[in-house]
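Structure first, commentary second.
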Amino acid sequence: MVSASEIRQKLAGFLAGEIDLDTFEDWIVRNTWDVHQWGDEDARNLSYAIELRLSEHSSGHLPESELKRELRPFVTNYVAHVSLGNALPVNLGSDIKWSRGVLRVGEVSDILPVVVFG
């Protein structure tokens with residue numbers, strides 16, 4: 001049973017060139033073929049959206065460059081729960097540097113700050 005975050009992580013590997021399209025496609029098919037039975041809503045929706053675009057690509061309707069462009073938002077625009085150890089005050093709109101890049105602190109509502117990976 002694969003989670004939405006694991007799907008995003010594997011997708012990020014494909015988009016970063018760490019794995020090729022065939023490897024990613026094999027992984028997604030193998031790990032999400034029965035997502036309708038066990039997956040939470042986020043995993044299901046993400047799987048269906050990725051599989052739709054992969055299908056469009058394999059049928060010749062979506063070149064690989066367009067495929068990557070359409071898949072990129074599934075990795076870069078989501079709310080993540082990040083533990084930074086001790087809580088630090090952070091201003092909305094500020095950047096936090098970490099070992100994998102820069103996190104951008106945004107705002108979903110006036111109550112809930114979120115971290116957006118960019």
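Could you please find all residues in the stretch 63-77 being more than 13 Å from G13 (Cα to Cα) and either modelled with pLDDT under 95 or in a helix (DSSP H, G or I) (or both)?
Correct list: E64, S65, E66, L67, R69, E70, P73, N77.
What pairs come out if I take residues in the stretch 5-26 that are surrounded by fewer than 17 Cβ atoms within 10 Å (Cβ to Cβ) and pair them with residues that are not in a helix (DSSP H, G or I) whose C-beta lies under 7 Å away, six or more apart or interchain?
Sorted first by the residue in the stretch 5-26, then by its partner, the pairs are G13/I19.
The values are calculated or read from the model by the stated rules, or taken from the named source; none is laboratory data. Quick caveat: nothing in here was measured; it's all calculated off a predicted structure. Using ideal geometry, Cβ is built from the backbone for each residue, glycine included, and neighbour counts are taken over all protein chains shown.
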